[in-house]
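Notes to accompany the following structure.
The values are calculated or read from the model by the stated rules, or taken from the named source; none is laboratory data. Keep in mind that what you see is a predicted model, and the values were worked out from it rather than measured. For neighbour counting, all protein chains shown are included, and Cβ atoms are generated from backbone atoms with ideal geometry for every residue, glycine included.
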Amino acid sequence: MTTTFTEHAEIETGFSKVFSARIVPRLAELEDKRKAILAVAKRHAIIALAVGAVFGLVFTVFGEGADGIGGLLVGFLIPVAFGGVAAFLLWKRQAAKWRGSAAQTVMPVICDFLGDMTYDHEALRGFELERMQKLGVIRPYSETRIRDRLEGTYRDTPFELVHAELSSNSRRHGDNSPKTHFKGLLMRVRVPEPISDRILIARDFQGPGNKLAEMFGGGTGRDLPKVDTGHEVFERYFEVYSSNPSVARSILAPGFLESFVMIAEAESGRHGPEGLEAGFHEESFFMALKREDDFLQMGALTTPADDIEEDLHGVFEDITTVRRIIDRLHGDHPA
């Protein structure tokens, strides 16, 4: 059976020939790699479960049994549960390794096909997280995980983005473990003319919520003067703060505000407009877009490599999302 790619979306037009010429010859190599990684994942998971079961038996056999049968069962099940958690984490690590291998093989081909775009699975060049935090687009964080860095130019507009998970330490009830407060896309679009003044487009917490955010918002952008845009729909979802309100009003024209609302409503999934915050500073327009689905998801560990077509359609859809956002920023609104 010959592995083929059926073009569905406009962005995929012409890719079937590229798929046959450049990806199909690599599938056998990818499948061998997948099987090897899968074998390691199974071995690690079995070992973790076995260790948990052994400790459970030890606690059951040598436990005093003061709490009767119930105590013995708890003594057995707790180590087994820990073994299950360890097995899951070890499996997840190997699955991520496989996804990285698949992406590093396929994504350069897609980037070459689309043109003016590069990809880095490990995001070794990083991202301007510190600038985004100082601007107030993202909250303070203690741990970061970024990957799948995409950089390129579309409609003469340079852009770069990463998939990010940002965590901060929780201080509730003595629990200091990291809690993920953002998962999604961080995007930077270069603007035609540098803007020396800071402009933050923040979520509207409504009434008292905004007052509290402004009161404790030192260094997060909400301590800047508030700007009234006069746009009823935009003001329903967002608040604007700027070091120069008059400049902010001139940049945030009605057309831009309408486009921004459309991005918020169309691209944030279940989060809706609450899932988008953004800001201008110097040569950059930053956006933080919450998103539950992984970006550029490539290759499930239990799925044969020659069943990669659906993953490729998903990748093209993700890139279409990026282009659609830039289209909307230009004032065009694709269906």
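Within the stretch 272-284, can one find any residue that is loosely packed, with under 15 Cβ neighbours inside 10 Å, assigned by TED's automatic domain parsing to the domain that holds Met132, closer than 20 Å to Lys134 by Cβ and out of contact with any Phe, Trp or Tyr (no Cβ under 7 Å at 6 or more places or on another chain)? Yes.
Name the pairs whose Cβ atoms lie under 9 Å apart, with the first residue in the stretch 312-328 and free of Cβ contacts under 8 Å to residues at least 12 places away in the same chain, the second surrounded by 18 or more Cβ atoms within 10 Å (Cβ to Cβ), and 6 or more positions between them or separate chains? Here the result reads none, with nothing in the stretch 312-328 linked to a residue that is surrounded by 18 or more Cβ atoms within 10 Å (Cβ to Cβ). Taking Leu161 as the residue in question, decide whether it is surrounded by 12 or more Cβ atoms within 10 Å (Cβ to Cβ), assigned by TED's automatic domain parsing to the domain that holds Gly275 and over 30 Å from Asp332 (Cα atoms). No; evaluated as a whole, the condition is false for this residue. Taking the condition assigned by TED's automatic domain parsing to the domain that holds Ile263 and part of a loop (DSSP other than H, G, I, E, B), does Gly152 pass? When the stated conditions are applied, Gly152 does not pass them. Residues that are within 25 Å of the chain's Cα centre (by Cα) and part of a loop (DSSP other than H, G, I, E, B) within the stretch 221-247 comprise Gly221, Arg222, listed in sequence order.
Scanning the stretch 58-77 for any residue that is modelled with pLDDT of 80 or more, in contact with a helix residue (DSSP H, G or I) (Cβ under 6 Å, 6 or more places away or on another chain) and either of a type outside the set (Phe, Trp, Tyr) or surrounded by 12 or more Cβ atoms within 10 Å (Cβ to Cβ) (or both) turns up nothing. Residue count for the stretch 248-272 satisfying the condition of being under 22 Å from the mean Cα position of the chain (by Cα) and basic (Lys, Arg): 1. The condition (being basic (Lys, Arg), in a strand (DSSP E or B) and either crowded, with 19+ Cβ neighbours inside 10 Å or touching a residue at least 60 places away in the same chain (Cβ under 8 Å) (or both)) is satisfied by just one residue among Arg139, Arg190: Arg190.
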